[in-house]
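In what follows, a single structure is set out as structure tokens and then discussed.
The values are calculated or read from the model by the stated rules, or taken from the named source; none is laboratory data. Just so you know, these numbers come straight off a predicted model, no measurement behind them. All Cβ positions, glycine included, derive from the backbone under ideal geometry; neighbour counts span all protein chains shown. Note: accessible area is taken over every heavy atom of the protein model, side chains too, but ligands, DNA and RNA are not part of it. Shrake-Rupley method; radii C 1.70, N 1.55, O 1.52, S 1.80 Å.
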Amino acid sequence: MRNELLKSIKFGDILEMIYVDANDGISKRRIKVLQVGEVSFRAYCYLRKSNRTFRIDNILALIPVT
């Protein structure tokens, strides 16, 4: 997943992400990745309309938006 996140920064892609949140709920979010670390990444979340931090290991799926 980390490589896909890094690629999306390089190409400026918007991604659709299926994610397990802190309360073990599953959410679908549209994001633009800003920065990738070892265990987490920062992205603009279009659902919350703000920059958010997500854990890489909580990602279930990533799909580029075309």
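Would the chain count as rounded, prolate or oblate if I go by the C-alpha gyration tensor, calling it rounded below 1.5 in a/c and otherwise prolate when a/b exceeds b/c, oblate otherwise? Cα axes put the chain in the rounded bin.
Think of the stretch 13-66 as having a plus end and a minus end, set by charges on the Cβ of Lys, Arg, Asp and Glu; of S50, I31, M17, S50 sits farthest toward the positive end of this dipole. For the chain, the longest principal axis of the Cα atoms and the long axis of helix 2-11 meet at an angle of about 50 degrees. At a probe radius of 1.4 angstrom, the accessible area of the chain per residue rounds to 67 square angstrom.
Near D21, once Lys and Arg are set to +1 and Asp and Glu to -1 for all other residues with Cβ below 14 Å from its Cβ, the sum equals +3.
Computed from label points 7 Å out along Cα-Cβ, the spacing between R55 and E4 is 1.8 nm.
Expressed as a whole percent, the accessible area of the chain that falls on carbon and sulfur atoms is 50 (1.4 Å probe).
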